[in-house]
1. Which residues, taken from the range 66-92, are touching a residue at least 12 places away in the same chain (Cβ under 8 Å), of a type outside the set (A, V, I, L, M, F, W, C) and open to solvent by less than 90 Å² (accessible area, probe 1.4 Å)?
2. So in the range 5-46, with the set limited to residues that are within 25 Å of Tyr78 (Cβ to Cβ) and among the charged types (D, E, K, R), which one is surrounded by the fewest Cβ atoms within 10 Å (Cβ to Cβ)?
3. Residues to consider are Ser26, Ser49, Ser56; find the one that is in a loop (DSSP other than H, G, I, E, B) and out of contact with any Phe, Trp or Tyr (no Cβ under 8 Å at 6 or more places or on another chain).
4. Condition check: touching a helix residue (DSSP H, G or I) at 6+ places or on another chain (Cβ under 8 Å), within 27 Å of Glu109 (Cα to Cα) and acidic (Asp, Glu). Does Glu38 satisfy that?
Amino acid sequence: MGTAYEIRINCNEQEKKVEDVLGLSSDDSSMGWSLTIEENSPQFSDALSIFFDLISNNLPKLNSVGIKTEMITFWYLYEYEQECNMEFWPEITKKIGDLGVILCISCWEK
């Protein structure tokens, strides 16, 4: 996989309940539920806003099935050559922080 954004919810026992709220997971790993938006997707440039809206609009339902914000992480996975640079707009990082979700960044050289 190259560059992508992901939501990861650490919810092994509740994965089916999370799927009932958010839809099917894009990964069937043992980590729980996830949704990936890869760099070739038309949604890529708005991925963090899409993730924020998805979680904030469904947070009461997620809470009702045992999912707390500390179980949710937003990831930016970045594969690079020669140099690693990235920017995040203050409005979206503030919204993510106010929601209580951790933004994780993982970079690796090709």
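1. Gly66, Thr69, Thr73, Tyr76, Tyr78, Glu79, Tyr80
2. Going through the qualifying residues, I end up with Asp28.
3. Within the list Ser26, Ser49, Ser56, the selection yields Ser26.
4. Judged against the criteria, Glu38 is a match.
The values are calculated or read from the model by the stated rules, or taken from the named source; none is laboratory data. Computed from a predicted structure; not experimentally measured. Cβ coordinates were reconstructed from backbone atoms using ideal geometry, including for glycine residues, and neighbour counts include every protein chain displayed. Surface areas here come from the heavy atoms of the whole protein model, side chains and all, with no ligands, DNA or RNA. Shrake-Rupley method; radii C 1.70, N 1.55, O 1.52, S 1.80 Å.
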